[in-house]
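Asks: I'd like to ask you about the structure that follows.
The values are calculated or read from the model by the stated rules, or taken from the named source; none is laboratory data. Note that the structure is a prediction, hence the values are computed from the model and not measured. Positions of Cβ are backbone-derived with ideal geometry, glycine not excepted, and every protein chain shown enters the neighbour counts. For the accessible areas, the whole protein counts, side chains as well, though only heavy atoms, and no ligand, DNA or RNA atoms are used. Shrake-Rupley method; radii C 1.70, N 1.55, O 1.52, S 1.80 Å.
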Amino acid sequence: MAHKVLAKGNEALAEAAIAAGCRGFFGYPITPQTDVAAYMARRMPQVGGVYVQAESEISAINMVMGAAAAGVRALTSSSSPGISLKAETISYLAACDLPAVIINMQRAGPGLGGIQPSQADYFQATKGLAHGDFHLIVLAPYSVQELADFMALAFELADRYRTPVILLGDGMLGQMMEPVVFPPSVESLPEKSWAATGTKGKRPPNIINSLYIQPDELEALVLERFKRYETMKQQEARFEAFLADDAEILITAYGSTARIAKSAVLTCREQGVRVGLFRPITLWPFPDTALRQAAQSANAILCVEMSMGQMLEDVRLALNGAKPVHFLGRTGGMIPTPTEIIETVLRLREGS
Amino acid sequence: MIHSPYITVFAGLFGSGKTNLAANYAMHLKRRGEEVVLLDMDVVNPLFRMSELSALLAEKGIAVITPSYAGTNIDIPALPCTMEGILQDAGKRRIVIDLGGDDIGATALWRYAGVIASAGYEMLYVYNCYRPFAQTAQEAHLGMMEIERAARLTFTHIAANPNLGEETTRETVLFAKRQTEALSRLSGLEVAFTAVMEGIPVSAEEVASSLFPIQILLNRAGALRPAG
């Protein structure tokens with residue numbers, strides 16, 4: 001039997017990052033993700049890594065940039081308002097093709113909002129997050145085990161495509177406890193011939209830079225990067241289709257909301273109502289082809305989110321009018337209940 | 001199980017199960033016909049906290065005093081002034097205290113350490129050896145001493161709470177016995193009881209302590225079924 005630990009989501013993220021070979025954590029406290037930093041403060045010294053509590057979120061992400069430029073697997077963690085502060089440097093990371101992982105355990109917004117769970121940063125995470133032409137890979141786990149597994153995946157994808165990766169969770173996932181088996185420790189990291197590690201007089205300097213004096217030079221670089229984004233779209237879109245094949249109503253939901261939706265689906269099925277769940281695991285690239293396939297038998301789609309309707313736009317784009325798409329959302333730190341979802345499903349079923 | 005002082009404090013590392021155990025313990029006292037008040041002194045945990053059980057406990061006739069901003073959208077570690085009065089009146093009814101995790105969470109107790117010590121208390125170190133930083137008795141003991149320093153009160157017993165959440169089995173409980181005994185030896189504290197989820201077939205002889213049957217109360221009203 002694999003060794004299991006009863007871990008909080010935030011603890012699982014931290015331990016899995018260490019297992020993935022992350023040796024630089026730079027953070028600044030904010031509820032509900034402070035446990036990530038607290039865990040790292042204890043564990044990093046034990047594995048010879050670096051933990052720095054920076055003087056601000058902006059400082060923390062710039063430390064990540066420095067560490068990533070030197071070829072280190074680096075991580076920062078925050079929650080919604082803190083991510084807004086990091087935005088500028090995330091654009092710089094993308095512009096410099098630097099791999100790094102950024103955790104956002106979302107809380108209610110806008111503004112200072114509140115410390116209760118939310119999914120209202122979907123637009124922010126998936127639509128570029130900051131200035132300029134770029135994308136980020138966005139992973140959306142829905143259990144403590146997935147938080148651990150996707151942390152390993154996040155570092156792997158970041159290195160493979162030389163891109164920042166966002167791990168998008170929420171306060172509920174961060175605080176809930178479940179048994180988890182950690183992925184095996186990464187023994188050797190991929191070679192990074194581009195990293196600024198010192199020439200030792202043997203090679204030309206590696207320059208990490210995002211300023212291009214000639215516009216055609218910058219355009220060529222952005223075009224090359226968008227080719228990489230195409231590859232990501234082809235190869236990295238991930239999803240789970242749960243009881244979707246014969247579903248009359250297909251629910252779309254991600255993260256902890258998908259967890260609640262799954263409870264609702266199971267209850268509906270027990271009552272003989274054919275409901276399914278489509279759960280995007282990568283929010284960017286969005287699994288649009290898979291959604292179109294999963295929605296084939298459905299008369300209607302119900303998108304459930306802890307927001308006023310953000311993923312809803314990608315669901316509508318993917319289906320392109322082929323199916324009616326309805327929405328159920330809670331916001332401000334409120335969490336949808338299985339009962340509200342079931343009631344909405346039953347209403348839609350009567351209407352169709 | 002344990003003798004009956006006026007005040008019972010549940011303290012321990014983050015996520016060791018203090019809130020669930022304290023709520024179960026208050027319900028156990030109530031079933032025995034005692035008057036109980038539950039003081040939620042957790043000022044560090046934003047979610048999955050006692051205030052979510054207030055309605056359930058009130059139904060059973062157990063008063064719960066929670067931090068003023070518990071369960072709200074803000075993070076203000078303030079305890080209501082009624083707590084002091086309740087502790088001063090210890091003796092009128094049984095008082096169960098649910099403390100926040102680690103030494104950080106235990107700091108909230110310091111302010112009341114004097115009144116608690118003079119009323120007579122027991123303080124239980126809730127121990128789940130399946131949690132991070134608790135998997136060896138040495139680590140768990142270190143955490144225990146840190147909490148004592150922060151709370152300015154010393155533990156009187158260990159409350160073993162070995163579990164892997166919904167995946168807890170008989171083996172989970174039995175495998176933990178060795179760890180609990182090691183912690184007992186290191187700390188010189190007796191094991192007051194081993195908390196076991198109802199329906200898990202384990203006997204007191206097998207865990208070498210009395211058993212305390214518990215229910216899992218904190219699960220967002222069943223909203224979250226196991227993933228998979």
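Asks: Leaving out same-chain residues fewer than 8 places away, which aspartates and glutamates sit with a Cα under 12 Å from that of A:Lys233?
Replies: Straight-line reach from A:Lys233, under 12 Å: A:Asp288.
Asks: A further question on this structure: Around B:Met50, under 10 Å between beta carbons, what's the net of Lys plus Arg minus Asp minus Glu among the other residues? Before the final figure, lay out the partial values.
Replies: Numbers: positive: B:Lys18, B:Arg49; negative: B:Asp40, B:Asp42, B:Glu52, B:Asp98.
So the environment of B:Met50 carries a net charge of -2.
Asks: Counting only the heavy atoms of the protein chains, how much of B:Thr82 is accessible to a 1.4 Å probe, in Å² to the nearest 10?
Replies: Number for this one is 70 Å².
Asks: Given labels modelled 7 Å from the Cα in the Cβ direction, how far is it in nm from B:Leu142 to B:Arg170?
Replies: That separation, rounded to one decimal, is 3.6 nm.
Asks: Return the subset of A:Lys86/A:Lys192; A:Lys86/A:Lys127; A:Lys127/A:Lys227; A:Lys4/A:Lys262; A:Lys227/A:Lys323 for which the Cα-Cα distance in this structure is over 22 Å, preserving the input order. Walk me through the numbers on the way to the answer.
Replies: Details: A:Lys86/A:Lys192 25 Å; A:Lys86/A:Lys127 15 Å; A:Lys127/A:Lys227 17 Å; A:Lys4/A:Lys262 24 Å; A:Lys227/A:Lys323 31 Å.
Check vs 22 Å cut-off fails for A:Lys86/A:Lys192; A:Lys4/A:Lys262; A:Lys227/A:Lys323.
Asks: Using the Cα centre of the protein assembly as shown as origin and beta-carbon charges of +1 (Lys, Arg) and -1 (Asp, Glu), tell me which of B:Gly61, A:Leu317, A:Gly114 is placed farthest towards the positive end of the dipole.
Replies: About the Cα centre, the residue reaching furthest to the positive side is B:Gly61.
Asks: Let me ask something else. Which value, in Å² and to the nearest 10, is the accessible area of A:Asp170 when all protein chains are kept and the probe is 1.4 Å?
Replies: 0
Asks: Could you tell me what percent of the DSSP beta bridges with both partners in segment A:239-351 are antiparallel, to the nearest 5?
Replies: Counting DSSP beta bridges with both partners in segment A:239-351, the antiparallel share is about 25 percent.
Asks: First select every other residue whose beta carbon is under 12 angstrom from the beta carbon of B:Val202; then total the charges, Lys and Arg +1, Asp and Glu -1. Numbers along the way, then the final one.
Replies: Working: positive: B:Arg170, B:Lys177; negative: B:Glu171, B:Glu198, B:Glu205, B:Glu206.
With Lys, Arg at +1 and Asp, Glu at -1, the neighbours total -2.
Asks: Set the Förster distance to 30 Å, then compute FRET efficiency between A:Leu112 and B:Ile216 from the Cβ-Cβ distance, nearest 0.05. Walk me through the numbers on the way to the answer.
Replies: Working: r = 33 Å, r/R0 = 1.11.
The calculated FRET efficiency here is 0.35.
Asks: Would you rank B:Val115, A:Val273 by solvent-accessible area, highest first, keeping every protein chain in place and using a 1.4 Å probe? Show your work: numbers first, answer last.
Replies: Details: B:Val115 30, A:Val273 10 Å².
Listed by decreasing accessible area, they come as B:Val115, A:Val273.
Asks: Protein chains only, probe 1.4 Å: how do A:Arg259, A:Arg316, B:Arg93 rank by accessible area, largest first? Numbers along the way, then the final one.
Replies: Details: A:Arg259 10, A:Arg316 120, B:Arg93 90 Å².
Highest to lowest solvent-accessible surface, that is A:Arg316, B:Arg93, A:Arg259.
Asks: List residues of segment B:108-130, by number, whose backbone nitrogen lies under 16 Å from a label position 7 Å along Cα→C-beta of B:Thr154.
Replies: Answer for segment B:108-130: B:114, B:117-118, B:120-125.
Asks: Right, another one. On full extension of the chain, what length is gained from A:Glu350 through A:Gln53, given 0.36 nm per residue of separation minus the C-alpha to C-alpha distance? Spell out each step's value before the answer.
Replies: Numbers: separation 297, 0.36 × 297 = 106.92 nm, distance 5.44 nm.
Stretched out fully, the A:Glu350 to A:Gln53 stretch lengthens by 101.5 nm.
Asks: With a cut-off of 17 Å, note down the residues of segment B:51-72 whose backbone N falls inside the zone around a label point 7 Å from the Cα of B:Asp89 toward its beta carbon.
Replies: Inside the label zone: B:61-66.
Asks: Using a Förster distance of 30 Å, how high is the FRET efficiency between B:Arg111 and A:Arg42, based on the Cβ-Cβ distance and rounded to 0.05? Write out the running numbers ahead of the final one.
Replies: Values: r = 26 Å, r/R0 = 0.88.
Result of the calculation: an efficiency of 0.70.
Asks: In Å and from the alpha-carbon atoms only, list the Rg and Dmax of segment A:239-351.
Replies: 12.4, 35
Asks: Let me spell out the model: positive unit charges on the Cβ of Lys and Arg, negative unit charges on the Cβ of Asp and Glu, origin at the Cα centre of chain A. What dipole size does that give, in debye rounded to 20?
Replies: 460
Asks: With charges set only on the Cβ (+1 for Lys and Arg, -1 for Asp and Glu), what does the dipole of chain B come to about its Cα centre, in debye to the nearest 20? Provide the component values of the computation, followed by the final result.
Replies: Working: 19 positive and 24 negative charges, 54 e Å.
Dipole of chain B, to the nearest 20 debye: 260 debye.
Asks: Run the reach check for B:Lys60 against lysines, Cα to Cα strictly under 18 Å, same-chain hits fewer than 8 apart removed. What comes back?
Replies: B:Lys30
Asks: Once the whole set of protein chains is in place, how much accessible area is left on B:Ser68, using a 1.4 Å probe, in Å² to the nearest 10?
Replies: Its heavy atoms expose roughly 70 Å² to the probe.
Asks: Shifting gears a bit: Between B:Ala204 and B:Asp75, what is the spin-label point distance in nm, taking each point 7 Å from the Cα along the Cα→C-beta axis?
Replies: 4.5
Asks: While we're on this one: Once the Cβ-Cβ distance between B:Glu190 and A:His3 is put in as r, and R0 is 45 Å, what FRET efficiency do you end up with, to the nearest 0.05? Don't skip to the answer; put the middle values down first.
Replies: Values: r = 29 Å, r/R0 = 0.64.
Efficiency computed from Cβ-Cβ geometry: 0.95.
Asks: Something else about it: Return the single residue from A:Val304, A:Val325, A:Val64 with maximal mean-square fluctuation; model: Gaussian network over chain A, springs between Cα atoms under 10 Å.
Replies: Sorting by GNM fluctuation, first place goes to A:Val325.
Asks: Select from B:Glu139, B:Glu34, B:Glu205 the residue whose mean-square fluctuation is largest in a Gaussian network model of chain B (Cα-Cα springs shorter than 10 Å).
Replies: Of B:Glu139, B:Glu34, B:Glu205, the Gaussian network model singles out B:Glu205 as fluctuating most.
Asks: Need one number: nm distance between label points at A:Ala220 and B:Ser51, each 7 Å from Cα along Cα→Cβ, rounded to one decimal.
Replies: So the two model labels end up 5.9 nm from each other.
Asks: I need to check one value: relative contact order of segment A:239-351, counting alpha carbon pairs closer than 8 Å and at least 6 residues apart, in percent. Let's see the in-between values first.
Replies: Numbers: 207 pairs, mean separation 35.2, N = 113.
So the answer I get is 31 percent.
Asks: When chain A is modelled as a GNM with alpha-carbon springs shorter than 10 Å, which of A:Glu191, A:Glu11, A:Glu305 fluctuates the most?
Replies: The residue with the greatest mean-square fluctuation here is A:Glu191.
Asks: Expressed as a rounded percentage, what relative contact order does chain B have, with Cα pairs under 8 Å and six or more residues apart? All intermediate terms of the calculation are to be shown ahead of the outcome.
Replies: Working: 439 pairs, mean separation 53.5, N = 228.
Computed value for chain B: 23 percent relative contact order.
Asks: If you don't mind, there's one more thing I want to ask. Of A:Leu223, A:Leu211, A:Pro183, which is farthest towards the positive pole of segment A:179-232's charge dipole, taken about the Cα centre with +1 and -1 on the beta-carbons of Lys, Arg and Asp, Glu respectively?
Replies: Checked the options; the winner is A:Pro183.
Asks: What order do A:Lys227, A:Lys202, A:Lys8 take when sorted by accessible area (1.4 Å probe), most exposed first? Let's see the in-between values first.
Replies: Working: A:Lys227 150, A:Lys202 180, A:Lys8 10 Å².
Result of the area sort, largest leading: A:Lys202, A:Lys227, A:Lys8.
Asks: If you put +1 on each Lys and Arg Cβ and -1 on each Asp and Glu Cβ, how big is the dipole of segment A:239-351 around its Cα centre, in Debye rounded to 20?
Replies: Details: 11 positive and 12 negative charges, 9 e Å.
Charge dipole of segment A:239-351: 40 debye, to the nearest 20.
Asks: Sequence-distant or interchain residues sharing an amide H contact under 5 Å with B:Val191, placed H: which?
Replies: B:Ile158
Asks: Among DSSP bridges having both ends in chain A, what percentage is antiparallel? Round to the nearest 5.
Replies: Here the share of antiparallel DSSP bridges comes out near 25 percent.
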